[in-house]
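I have placed the structure first, in the form of structure tokens, so that the comments after it can refer back to it.
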Protein chains: 2
Amino acid sequence: MVLLEERIRKDGKLFPGDILKVDSFLNHQMDIDLLNEIGKEFHRLYKDCEVNKILTIEASGIGIACITAQYFHCPVLFAKKTKTKNIAAAVYKTEVKSYTHGTTYDVIVSKEFLKKGDCVLIIDDFLAEGNALAGLVDLCRQAGAEVAGCGIAIEKAFQPGGARLRDAGVRVESLAMIDSMDGGEIKFR
Amino acid sequence: MVLLEERIRKDGKLFPGDILKVDSFLNHQMDIDLLNEIGKEFHRLYKDCEVNKILTIEASGIGIACITAQYFHCPVLFAKKTKTKNIAAAVYKTEVKSYTHGTTYDVIVSKEFLKKGDCVLIIDDFLAEGNALAGLVDLCRQAGAEVAGCGIAIEKAFQPGGARLRDAGVRVESLAMIDSMDGGEIKFR
């Protein structure tokens with residue numbers, strides 16, 4: 001998606017350790033017009049899939065998911081991160097390892113809102129190691145819900161998450177695929 | 001707002017200790033059509049205020065804020081909750097006490113995205129004790145930004161947050177004002 005790639009080149013900030021900050025337009029401050037174009041593109045890609053629910057994870061996926069849901073006319077469910085060990089029985093739970101923070105946390109959704117028969121589009125802002133996304137896919141599988149696929153704004157294609165998910169048979173559509181960020185220059189696929 | 005009150009009566013769930021759960025349509029699963037009506041109403045209330053930024057707090061305010069921002073044609077900034085003690089100098093920080101969890105956490109926004117000259121509409125799903133909202137107002141004041149007011153979906157008017165903020169001169173517009181929830185019956189103002 002050219003508009004997103006151009007915006008990343010213009011306003012993305014690179015830091016050592018392959019860190020790309022896009023917090024001026026995607027995940028701290030959010031440009032709603034850009035989110036709308038992202039949502040439209042996810043709809044173009046998944047409009048034939050009979051998506052009836054969008055699933056994301058707090059916090060930075062929520063904005064993109066809600067704007068996207070307007071095109072699918074379906075509700076958004078966001079999975080919650082928790083460190084509480086006493087989780088109620090009425091939730092599906094999966095464990096996610098945070099590559100960035102070196103910690104592990106539980107991710108939950110209420111069983112009430114994710115069910116067999118649902119056709120779920122999973123939305124997130126970033127895909128790198130893919131642990132959070134794999135967790136969301138796992139929650140859907142626990143619920144017996146079908147995963148139409150994943151809609152990702154930015155994929156770091158030089159990290160293994162995307163390949164792992166695709167190898168496992170999950171459809172993943174990323175609107176900006178970064179092949180490398182060496183020497184302060186972003187190369188898109 | 002009749003639509004929201006009706007939805008709370010229909011799908012809200014009451015629990016002991018004045019707990020109202022609205023997670024089937026507002027803050028776990030989100031009904032995007034309802035969020036759109038909420039956004040329209042916030043725009044009707046604040047359309048003459050020259051709002052150029054919407055501020056909310058992760059996670060459950062983000063969806064409402066993003067949908068609302070479409071009516072104002074402005075970006076959304078969400079404040080982040082953190083327990084990290086080593087906060088970079090480039091953020092505004094305020095301390096918020098969680099009534100629900102009995103803990104205290106820091107809330108931050110990047111100084112880059114909140115500035116003198118900004119006219120800010122603060123959006124959140126709930127207002128009860130008002131600590132999170134007071135924290136967001138404080139962040140704006142630290143930045144020298146003007147607060148147009150607050151747009152709240154549900155206010156528990158029998159708890160002190162709303163009165164405290166209004167007494168402090170902050171405009172607060174709540175779309176559903178709950179006067180009492182005694183005996184399993186919700187009474188709106």
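Nothing in this text is a laboratory measurement; each read-out follows from the coordinates by a stated rule. No experiment lies behind these values; they were computed from the predicted model shown. Positions of Cβ are backbone-derived with ideal geometry, glycine not excepted, and every protein chain shown enters the neighbour counts.
So the values come out like this:
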| quantity | calculated |
| --- | --- |
| Magnitude of the charge dipole, the stretch A:2-188, Cβ model with Lys/Arg +1 and Asp/Glu -1, debye to 20 | 620 debye |
| Overall form of the stretch B:1-99 per C-alpha gyration tensor (a/c, 1.5; a/b vs b/c) | oblate |
| Highest average packing first - B:89-96, B:43-50, Cβ atoms within 10 Å | B:89-96, B:43-50 |
| Test item: B:57-70 mean partner chain Cβ contacts at 10 Å | 6 |
| Partner chain coverage, peptide A:27-36 - average Cβ within 10 angstrom | 6 |
| Order of A:M30, B:M177 - criterion: other Cβ atoms within 10 Å of each residue's Cβ, fewest first | B:M177, A:M30 |
| Where labels lie 7 Å past Cα in the beta-carbon direction, separation of A:F188 and B:T82 in nm | 3.0 nm |
| Computed helical MRE - 222 nm, chain B, DSSP H runs ≥ 4 contributing -39500 (n - 2.57), nearest 500 | -9000 deg cm²/dmol |
| Proxy reagent accessibility, fewest Cβ within 10 Å first, across A:F15, A:F113 | A:F15, A:F113 |
| Helix B:2-11 axis, angle to chain B major axis (alpha carbon atoms, nearest 10°) | 70 degrees |
| Shape call, the stretch A:89-151: gyration tensor on alpha carbons, a/c limit 1.5 | oblate |
| Members of A:K40/B:K53; B:K97/B:K156; B:K40/B:K93; A:K40/B:K111 lying beyond 21 Å, as alpha-carbon distances in this model show | A:K40/B:K53; B:K40/B:K93; A:K40/B:K111 |
| Peptide B:107-114, shielding by other chains (average Cβ, 10 Å cutoff) | 2 |
| Ranked list, fewest to most other Cβ atoms within 10 Å of each Cβ, for A:D125, A:D179 | A:D179, A:D125 |
| Extension gain from B:D18 to B:L45, taking 0.36 nm per residue of separation minus the Cα-Cα distance | 6.9 nm |
| Angle between chain A longest axis and helix A:32-46 axis [Cα atoms, degrees, rounded to 10] | 60 degrees |
| Rounded, prolate or oblate (a/c below 1.5 giving rounded, otherwise prolate when a/b exceeds b/c) for the stretch B:121-173 by Cα gyration tensor | prolate |
| Nearest-first distances (nm) between copies at A:K40, label 7 Å from Cα via Cβ | 2.2 |
| Inter-copy label distances at A:D11 (7 Å, Cα→Cβ; nm, one decimal) | 3.1 |
| Top of B:C150, B:C119, B:C74 by mean-square fluctuation, Gaussian network on chain B, Cα under 10 Å | B:C74 |
| Cα-based helix-to-principal-axis angle, B:131-143 vs chain B, degrees rounded to 10 | 20 degrees |
| Charged-residue dipole, Cβ positions (Lys, Arg, Asp, Glu), the protein assembly as shown about Cα centre, Debye nearest 20 | 660 debye |
| Straight-distance crosslink candidates among lysines, where the alpha carbon sits under 22 Å from B:K47 and sequence neighbours closer than 8 are dropped | B:K115, B:K116 |
| Residue among B:V51, B:S110, B:S180 farthest towards the positive dipole end of the stretch B:48-189, charges placed on Cβ | B:S110 |
